[in-house]
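Notes to accompany the following structure.
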């Protein structure tokens, strides 16, 4: 199932980039948002969860009552989305002087398919320090595109250059570590923002594939993203690569966790992110 | 501010243990729950957030529609609780064949003070593996009680034996790592369950204190707990100690993260947990 990744050399404009089409939301009379799954970001079944998560935070970021920038997001994938339209409801449950707490639900056919909470805040400059520094890695142009790629459509929307822990070339149960490191960015390149960064936080292949070199059915149940970067740092990152690192801590009776980081090329830790994933067998 | 921790030798019964009094919930006519802050678990201002988080998950675990056991919990602390009563609302937003998605809100005076989401599931036995193994540590009885303790009342409700990264003895800005390891259990000892484990997930002192040896105002904004243990593993853990480990990954413009693990004495990873915390200066 190997194929060559087609790299688009010319950045698209924000209006025509497939990601912007995929996360388009239209406001409805009752203040909720109408979105639609995108064939360009299709997963095995339904859409790539990263784009679904991106929709949840976008509904908050577009809300007229928004205060500040995202600090944390938790999305819970309550049911597989059906290809087609969906509604996103975002409600500011509490607004303080400098922080705001949001509850988000996504619905299809009147049924909840996603729940989420978001915290936004106005940040002030303080003493700051990255304790988890970027691991030593070869530069993006020194890392070849993968020999093996997953056939899902959404994978083609990301330029991924795996350093360690890429998809197994043979599924022979030979894995011994769940650690992955890779360079990643939108394909075609697109200037980074909180919405696209949320999607990229979900880019890592399921840790159980890497650890076991075995293919089993999986699905993310819950994902949390902590945003350490502010909007200016995302603007500064532009269309550059992000270094992603992911590993599992425990696989137990049908659920494993994943703990991940994303740095920009300048070595700034943009997000730390965690998820818990269902697996069968 | 040093003092001797008073260790109660006799386990209390579940009805009389201060933790059970603190997390008591009474069902109301509309299906919501009524709780009350506990002086025994007071923090500097308001109650210990771990107990507040424990209330959020307890409202789900006591709910007549509950399916399965907790997989993940995210609580967002929307406002400081006032000492006194509060209402907890728990709603099953989606119930599938083996998983369930909950939205929880806690209110005081009609205002939201906490939002939360919970995922519960019926687990099946599968291939399992702890990749993050318990670090080599001295046994609990080899680790003395701390020379320095925080004066907050809730701290006395936990027997904590710091191995590395305890509270600084002097606040001289000499810190160089945010890593803490400690043995911890309820004081007096109490058989572990999902509710008390949720509270213990919030036991770690703010990482900014440890890293900087500097005292600044702080407050947890959001906490996520992934439950790897099932109920039987908690029963097997009983009143034993838990090994807790916590460290920060980034401190940035008013918010830092914390990533933590809790193992039981048998070395089973019970939970992995994360939080993002506000800090001033």
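The values are calculated or read from the model by the stated rules, or taken from the named source; none is laboratory data. Quick caveat: nothing in here was measured; it's all calculated off a predicted structure. Heads up, the Cβs are rebuilt from the backbone with ideal geometry, glycines too, and the neighbour counts pull from every protein chain shown.
Could you tell me whether residue B:256 is over 17 Å from the mean Cα position of the chain (by Cα), at pLDDT 95 or above, more than 7 Å from chain A (Cβ to nearest Cβ) and surrounded by 23 or more Cβ atoms within 10 Å (Cβ to Cβ)? So residue B:256 passes the test. For region A:222-232, check the following and say yes or no: at least one residue is in contact (Cβ under 8 Å) with a residue 12 or more places away in the chain, touching a helix residue (DSSP H, G or I) at 6+ places or on another chain (Cβ under 8 Å) and surrounded by fewer than 21 Cβ atoms within 10 Å (Cβ to Cβ). Yes, because at least one residue in region A:222-232 is in contact (Cβ under 8 Å) with a residue 12 or more places away in the chain, touching a helix residue (DSSP H, G or I) at 6+ places or on another chain (Cβ under 8 Å) and surrounded by fewer than 21 Cβ atoms within 10 Å (Cβ to Cβ).
Residue-level analysis places residue B:167 among those that are in contact with a helix residue (DSSP H, G or I) (Cβ under 8 Å, 6 or more places away or on another chain), away from chain A (no Cβ under 14 Å) and assigned to a loop (DSSP other than H, G, I, E, B). Does residue A:271 meet the test of being within 23 Å of residue A:17 (Cβ to Cβ), in contact (Cβ under 8 Å) with a residue 12 or more places away in the chain and outside any loop (DSSP other than H, G, I, E, B)? Yes.
Here are the criteria: (1) touching a helix residue (DSSP H, G or I) at 6+ places or on another chain (Cβ under 9 Å); (2) surrounded by fewer than 23 Cβ atoms within 10 Å (Cβ to Cβ). Tell me which single one residue B:198 does not satisfy. Among (1) touching a helix residue (DSSP H, G or I) at 6+ places or on another chain (Cβ under 9 Å); (2) surrounded by fewer than 23 Cβ atoms within 10 Å (Cβ to Cβ), the lone unmet condition for residue B:198 is (2).
Before we move on, is residue B:205 more than 14 Å from every other protein chain (Cβ to nearest Cβ), in contact with a strand residue (DSSP E or B) (Cβ under 6 Å, 6 or more places away or on another chain) and at negative phi? So residue B:205 fails the test. Here residue B:135 qualifies as within 26 Å of residue B:262 (Cα to Cα), part of a loop (DSSP other than H, G, I, E, B) and in contact (Cβ under 8 Å) with a residue 40 or more places away in the chain. When region A:53-76 is filtered for residues that are away from every other protein chain (no Cβ under 13 Å) and more than 25 Å from residue B:101 (Cα to Cα), the ones remaining, listed by number, are A:62, A:64, A:65, A:66. Taken over region B:70-99, the residue count meeting the criterion of being within 18 Å of residue A:219 (Cα to Cα) and in contact with a helix residue (DSSP H, G or I) (Cβ under 6 Å, 6 or more places away or on another chain) is 2. In region A:77-91, the qualifying residues are those that are free of Cβ contacts under 8 Å to residues at least 60 places away in the same chain and within 13 Å of chain B (Cβ to nearest Cβ), and the one that is nearest to residue A:274 (Cα to Cα) is A:78. The residue that is farthest from the other protein chains (Cβ to nearest Cβ), counting only those in region B:92-108 that are over 27 Å from residue A:252 (Cα atoms) and free of Cβ contacts under 8 Å to residues at least 24 places away in the same chain, is B:107. Filtered by the rule that a residue be modelled with pLDDT of 95 or more, closer than 16 Å to residue A:162 by Cβ and part of a loop (DSSP other than H, G, I, E, B), region A:188-245 gives A:203, A:204, A:241.
If the condition is being more than 26 Å from residue A:120 (Cβ to Cβ) and within 14 Å of chain A (Cβ to nearest Cβ), then region B:213-235 contributes B:213, B:214, B:215, B:227, B:228, B:229, B:230, B:231, B:232, B:233, B:234.
Of all residues in region A:259-281, those satisfying the criterion of being within 14 Å of the chain's Cα centre (by Cα) and at the interface with chain B (Cβ under 8 Å from one of its Cβ atoms) are A:259, A:261, A:272, A:274, A:276.
Which members of region A:154-180 meet the condition of being surrounded by 16 or more Cβ atoms within 10 Å (Cβ to Cβ) and farther than 22 Å from residue A:137 by Cα? Passing the criteria: A:154, A:155, A:156, A:157.
Apart from one condition, residue B:182 fits all of (1) assigned to a loop (DSSP other than H, G, I, E, B); (2) more than 30 Å from residue B:96 (Cβ to Cβ); the exception is (1).
Out of curiosity, is residue B:261 surrounded by fewer than 23 Cβ atoms within 10 Å (Cβ to Cβ), touching a residue at least 60 places away in the same chain (Cβ under 8 Å) and part of a strand (DSSP E or B)? No, not satisfied.
Counting residues in region B:146-153 that are surrounded by 13 or more Cβ atoms within 10 Å (Cβ to Cβ), over 28 Å from residue A:129 (Cβ atoms) and either touching a strand residue (DSSP E or B) at 6+ places or on another chain (Cβ under 9 Å) or modelled with pLDDT of 95 or more (or both) gives one or more.
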